[in-house]
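In what follows, a structure is listed as structure tokens, so that the remarks can point back to it.
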Amino acid sequence: MPDPIDPSQPTRRSARLRSLARRVYPFRVLGMGLGVIPVLVTLHELSMPWPAWVWTVFCGLVWPHVAFHLHACRSRDPSEAELRNLTIDSALTASLLPLMQFTLLPSVMVLTVAAADKISSGVRGLWRHSIPAMVIGLLATGLLTGFAVRLETSMTVLMACLPMLVVHTLAVAMGAYHLIRRVQMQNLRLDTLSRFDVLTGLENRGHWQEHAAALLQRHHAGRSDATLVLIDADHFKSVNDNYGHAAGDDVLRGIGDVLRRVVPADGHAGRLGGDEFAVVLPLAETGAHAVAEAIRAGVTALSFAEWPELRATVSIGLASPGSGDDDLRQWSQRADRALYASKSRGRNAVSQTRGEAEATA
Ligand SMILES: Nc1nc2c(ncn2[C@@H]2O[C@H](COP(=O)(O)OP(=O)(O)OP(=O)(O)O)[C@@H](O)[C@H]2O)c(=O)[nH]1
């Protein structure tokens, strides 16, 4: 079975490549368009014949649009077509070097930009696969024009290289900047999704448990009071059955809103799953009981615009850690027993494990 997060899987690869043509197009137009300037200036200095000019203009100004409109957009497999185009880019770029008699600066510059564009395409190993195409392009025009070499770069050619050096470099940097920002935002979203419950916006089970375990540890170290409050919606199944799942979701969201409003800033509220919620408070039982009672009253007061006759209640159990509560599980079991006491006393109630159970409704 394919691993959905394995980037080497074919489906993910083709999804990534699908946007390649659009991503590469502006950089190809910019890179090859600006690259043509120093090449033409060099051709002028070398008094090269007109076919060399025509070829250069085709490579720099015509080919990028041909590649995009004829190949990548009309192909049945645009991603594969674009990979082919990137390889042809390399061949065309290298074919300009013999025409310039390998004049050092523009030759190195256009080759470097061509390689950088392959690397920034994000396609692994593309620049390596482009090397044979470069050799072919170089040999083709080299054999036609002879392999004359004139490395020396005049000041005019140097000046003609500047637009490409500056503009292309900045454009690539800006592209990388936007990509990094997007990845950062997506990481933030993933982080939020992994820690918070989508329906209520409260902490999810795992994230809440981390806070609860940390508080339990602080309590055992004698550095904090602690009370665990378990909350369960009453007859929630019948809310779903009688009003529908959307109404059930509204009740859960309403309970989430009450918890956000009532739980003090140093407490942590989470949705454990289904209609079960939990809160940990750095308070002794008396203070926690007041918070639990405020939660119970807040849920009782909820109203729902779409279902005016719908009412919700919750049963609540709370427990402070006993000396034998070494882990969160044992602590939760004690709070759960208190919650069960509230259920068996008719619901819409707050109970605690120490002392007698209290009915507050
Ligand atoms: N609308 C909605 N329902 C959910 C969601 N998650 C779980 N449920 C439903 O919540 C219901 C929980 O029902 P039970 O565990 O039987 O509890 P109950 O009906 O509240 O009974 P008591 O707790 O004894 O009062 C089930 O019908 C689940 O299908 C959710 O995200 N949205």
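The values are calculated or read from the model by the stated rules, or taken from the named source; none is laboratory data. This is a predicted model, so every value here is computed, not measured. So basically every Cβ, Gly included, is an ideal-geometry build from the backbone, and we count neighbours across all protein chains shown.
Working only within region 331-350, note down all residues that are of a type in the set (Lys, Arg) and under 41 Å from the mean Cα position of the chain (by Cα).
Passing the criteria: only 334.
Return yes when residue 309 is in contact with a Lys or Arg (Cβ under 7 Å, 6 or more places away or on another chain) and away from the ligand (no atom under 16 Å from the Cβ) and no when it is not.
So residue 309 does not fit the description; no.
I need a count of the residues in region 295-333 that are in contact (Cβ under 8 Å) with a residue 24 or more places away in the chain and surrounded by 15 or more Cβ atoms within 10 Å (Cβ to Cβ).
Matching residues across region 295-333 total 22.
Which of (1) assigned to a helix (DSSP H, G or I); (2) more than 20 Å from residue 37 (Cα to Cα); (3) among the small types (Gly, Ala, Ser) does residue 137 not meet, given it meets every other one?
The single condition residue 137 does not satisfy is (2).
Can you tell me how many residues within region 212-234 are within 8 Å of the ligand (Cβ to nearest atom) and closer than 30 Å to residue 323 by Cβ?
Qualifying residue count for the region: 1.
Name the single residue, out of those in region 235-285 being charged (D, E, K, R) and under 17 Å from residue 303 (Cβ atoms), that is farthest from the ligand (Cβ to nearest atom).
261
With the requirement that a residue be assigned to a helix (DSSP H, G or I), of a type in the set (A, V, I, L, M) and surrounded by fewer than 19 Cβ atoms within 10 Å (Cβ to Cβ), what does region 211-222 give you?
213, 214, listed by residue number.
Residue 187 passes all but one of (1) surrounded by 12 or more Cβ atoms within 10 Å (Cβ to Cβ); (2) out of contact with any helix residue (DSSP H, G or I) (no Cβ under 6 Å at 6 or more places or on another chain); (3) assigned to a helix (DSSP H, G or I); which number fails?
Tallying (1) surrounded by 12 or more Cβ atoms within 10 Å (Cβ to Cβ); (2) out of contact with any helix residue (DSSP H, G or I) (no Cβ under 6 Å at 6 or more places or on another chain); (3) assigned to a helix (DSSP H, G or I), residue 187 fails exactly one: (1).
Select from region 333-354 the residues that are more than 16 Å from the ligand (Cβ to nearest atom) and polar (S, T, N, Q) and list them in ascending order.
If the condition is that a residue be more than 16 Å from the ligand (Cβ to nearest atom) and polar (S, T, N, Q), then 333, 352, 353 are the ones that fit.
Please state which of the following conditions residue 173 fails to meet, knowing it meets all the rest: (1) loosely packed, with under 12 Cβ neighbours inside 10 Å; (2) outside the structural domain of residue 22 (by TED's automatic domain parsing); (3) small (Gly, Ala, Ser).
(2)
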